[in-house]
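To start, the structure itself, in C-alpha cells.
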Amino acid sequence: MKNIKLTIAYNGTNYSGWQRQTNAKTVQGEIERALRIVMNKNITIHGSGRTDAGVHALGQVASFSEEFSIPIDRLEFALNNALPLDIVINSIEEAPMDFHARYSSKGKKYIYKIYNDVKRNPIYSYQSYFVRRYIDINKLRAASKHFLGEHDFSAFMTSGSSIKNTVRTIQDINIYTEDKFIVLEYKGNGFLYNMVRIITGTLLDVCSGKIDINDLDSIIKSKNRRKAGHKAPSQGLYLAKVYY
C-alpha cells in the first residue's frame with residue numbers, strides 16, 4: 001500500500017468547483033477519471049479543501065492510498081496525458097501513511113488578482129476581477145492590517161455555513177502591483193467559506209468609500225455578514241499553496 005500526495009494546478013473556469021458531483025464537471029471528478037483510465041480501478045482522492053466554481057489553483061494538494069506497481073514518475077506522465085489541458089499534476093510523491101491532504105494541513109496561501117484599468121482585457125476576464133475605478137493601494141494596505149491576527153471571522157463567511165469554529169488566524173496579507181494587476185496574498189492557518197473573497201470585497205469597499213476604514217474593527221467584532229462588504233467574484237481567486 002502506498003500513500004500518494006498530488007500537487008495540482010488548474011484553471012477553474014470550466015468546472016463546477018473542486019468537489020465531485022454527479023451532474024457537473026469538477027476538478028476532482030476529472031482527476032479520478034484520469035486515475036481510472038491509467039490504473040484501471042476506481043480511486044477516490046481527498047483534496048486539501050474545496051474550491052468553488054470558477055476558482056483556480058496553483059498548488060492544490062490531494063492524497064489517496066492504493067496498491068499499484070506503476071513507477072511514480074510514469075504515473076505523473078500518464079495522468080497528465082489523460083487530463084484536460086486546464087488541469088495539470090505538478091508533482092506526485094509518496095507520503096507517510098498518516099498523511100492526509102486535508103487533515104494534515106497547517107495553513108494555506110490564497111492569491112486574489114484584480115485587473116485595474118479603464119477597459120476590460122478579455123484575455124484576463126476569467127482569471128481576475130475587473131475593477132474600473134481607481135484603487136488607492138496605500139489605503140488598501142492600511143485597511144488590510146485590521147484583518148491580521150486571530151479573529152472570529154463570522155462576518156466574512158457566506159451565510160448558512162454549518163461550521164462551528166469560526167476563529168482563524170491571518171498571518172500575513174501582502175499587497176503588490178504587477179503591471180495593471182493588483183495582487184493580494186493571504187496566508188493563514190485556515191479560511192472559512194468565501195472568507196478571502198468577502199475580505200477582498202470589503203477592502204475594495206473601503207477604497208471606494210462605501211465602508212469607513214475606522215469601522216473595520218467593529219465590523220469584525222459584530223460577526224454580522226450584512227455589515228461586511230461585497231463578495232469579490234470567484235474568477236480572481238487562486239489557491240496558491242498548502243502548508244504542511
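Computed from the coordinates by the stated procedures, all read-outs in this text should not be read as laboratory data. Bear in mind that the values here come from a model prediction, so they are computed numbers and not experimental data. Note: ideal-geometry Cβ built from the backbone for every residue, glycine included; neighbour counts use all protein chains shown.
So for each of 100-111, 45-56, 197-208 I average, over its residues, the number of other beta carbons within 10 Å; can you give me the resulting order with the highest mean first?
Answer by packing, highest mean first, reads 197-208, 45-56, 100-111.
For the chain, give the magnitude of the charge dipole about the Cα centre (Cβ charges: +1 Lys/Arg, -1 Asp/Glu; no others), in debye to the nearest 20.
Its charge dipole is roughly 760 debye.
Taking N as the number of residues in region 175-224, what value does Rg over Cα atoms divided by 2.2 N^0.38 Å take?
1.27
Towards the positive end of the charge dipole of the chain, with charges on Cβ (+1 Lys, Arg; -1 Asp, Glu), say which of Ile182, Ala57, Val206 has the farthest Cα.
Going by the charge dipole, the pick is Val206.
How big is region 2-95 by Rg and Dmax over its Cα atoms, in Å?
12.2, 35
Exceeding 27 Å between C-alpha atoms, which entries from my cross-link table qualify? They are Lys187/Lys221; Lys108/Lys139; Lys25/Lys223; Lys109/Lys164; Lys113/Lys227.
Lys25/Lys223
How big is Rg to Rh over region 106-244, alpha-carbon atoms, Rh as the Kirkwood inverse-mean-distance radius?
For region 106-244, the value is 0.95.
Cα centroid distance between region 185-231 and region 52-78, in Å?
34 Å
Need the list of lysines near Lys2 for cross-linking: C-alpha distance under 24 angstrom, and skip anything on the same chain fewer than eight residues off.
List returned: Lys41, Lys106, Lys241.
For the chain, what is the per residue volume of the convex hull drawn over the alpha-carbon atoms, in cubic angstrom?
Each residue corresponds to 131 Å³ of Cα convex hull volume.
Each residue of region 96-113 in turn: what ³J(HN,Hα) in whole Hz from Karplus with 6.51, -1.76, 1.60 and θ = phi - 60°, glycine and Pro shown as x?
The phi angles translate into x, 5, 8, 6, 9, 4, 8, 6, 8, 5, 9, x, 9, 10, 10, 10, 10, 10 Hz.
For Asn224, which sequence-distant residues (separation of 5 or more, or a different chain) have an amide H within less than 5 Å of its own amide H, given hydrogens modelled in the peptide plane?
Here Ala155 satisfy the definition.
Select from Leu75, Tyr126, Pro233 the residue farthest towards the positive end of the dipole of the chain; place +1 on Cβ of Lys and Arg, -1 on Cβ of Asp and Glu, and compute about the Cα centre.
Pro233
Could you size up the charge dipole of region 68-167 around its Cα centre, putting +1 on the beta carbon of Lys and Arg and -1 on that of Asp and Glu, and report it in debye to the nearest 20?
740 debye
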